[in-house]
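The values are calculated or read from the model by the stated rules, or taken from the named source; none is laboratory data. These figures come from a predicted structure and were not determined experimentally. Cβ sites come from the backbone with ideal geometry, for glycine too, and all protein chains shown count toward neighbours. Accessible surface is based on the protein model in full, side chains and every heavy atom, while ligands, DNA and RNA are left aside. Shrake-Rupley method; radii C 1.70, N 1.55, O 1.52, S 1.80 Å.
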Amino acid sequence: MCQLLGMNCNVPTDIVFSFTGFAHRGGHTDTHHDGWGIAFFEGTGVRHFVDHQAAVASPIAELIKRYPIKSTNVIAHIRKATVGQVALENCHPFVRELWGRYWVFAHNGDLKAFAPVLDGAFRPVGTTDSELAFCFLLQSLRREFGDTAPTRAALAGALERIIPGIAAHGTFNMMLSDGTALYTHCSTKLCYVVRKHPFVTACLSDEDLSVDFSQVTTPDDRVAIIVTEPLTTNEEWTHFAPGELKVFVDGLPQDVATLSVG
């Protein structure tokens, strides 16, 4: 199946280090060679890059590894095709507009016999079960909240009600963001690490590369990295429980109950 990578921070940060290791899994250290993509939020705008080539061989991926685009919310994906041919329109992450904001989505897993009726403005362009699920998810949120964007807590509560119906059809590890928070759900595999003061030197597991984050950060910086499999060998990664929904805000994980209280 595919792999996911997300970043949520309290200050704009580049993802060059993590993406470098992640991209190696796209055809070098792993078999996810059927396309890749990445989306960076900048204010209300999105820089969106996708390529049907393997990430390890893609000139666009090489650009991302060398160009330190800074963002507070990033979603990336490397694909191993199971549903839908290898084609540009089937590369994650996918982007749609809702409530006057861009929403970015990526999914890891297979959904069997998933055929929701789409009767709104959200329609898939490609042929993946992932894009179909994204359109259904947005349609469900639009139906519940109408033209008014909900609070973060209300949105997280709605996702807790909607996602189990999708996940019942198979595996639904997913990431969703509107640029203000990163919503993540685990069916089988997701983990995260929060990098904060005092920062340490991190060593990639997929390439001989390390970074001393204390040299490139301030004591106030906080960065959460969420990924399918741990990217480094010397950091303590926290694994999600199956069925768990977490919302990352300003570089910290929060569960739905915490959001409701806050």
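General remarks:
- Within the stretch 1-35, the residues that satisfy the criterion of being assigned to a strand (DSSP E or B), of a type outside the set (G, A, S) and at pLDDT below 90 are Q3, T31.
- Meets criteria (assigned to a helix (DSSP H, G or I), buried (at least 17 other Cβ atoms within 10 Å of the Cβ) and without any contact (Cβ under 8 Å) to a residue 24 or more places away in the chain) for S140: yes
- Yes/no for V223 being of a type in the set (A, V, I, L, M, F, W, C) and closer than 16 Å to G21 by Cβ: yes
- I64 open to solvent by less than 20 Å² (accessible area, probe 1.4 Å), modelled with pLDDT under 95 and assigned to a helix (DSSP H, G or I): yes
- Of the strands (runs of 3 or more DSSP E) contained entirely in the stretch 183-262, those carrying at least 1 residues that are touching a helix residue (DSSP H, G or I) at 6+ places or on another chain (Cβ under 9 Å) and open to solvent by less than 30 Å² (accessible area, probe 1.4 Å) fall at 191-196, 201-203, 222-227, 245-249.
- Residue, nearest to L4 (Cα to Cα), within the stretch 92-133, restricted to residues that are polar (S, T, N, Q) and open to solvent by less than 20 Å² (accessible area, probe 1.4 Å): N108
Yes/no matrix, rows are residues, columns are (1) small (G, A, S); (2) surrounded by 16 or more Cβ atoms within 10 Å (Cβ to Cβ); (3) at pLDDT below 95; (4) over 28 Å from E89 (Cβ atoms):
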| site | (1), (2), (3), (4) |
| --- | --- |
| C135 | no, yes, no, no |
| T151 | no, no, no, yes |
| G165 | yes, no, no, no |
| G179 | yes, yes, no, no |
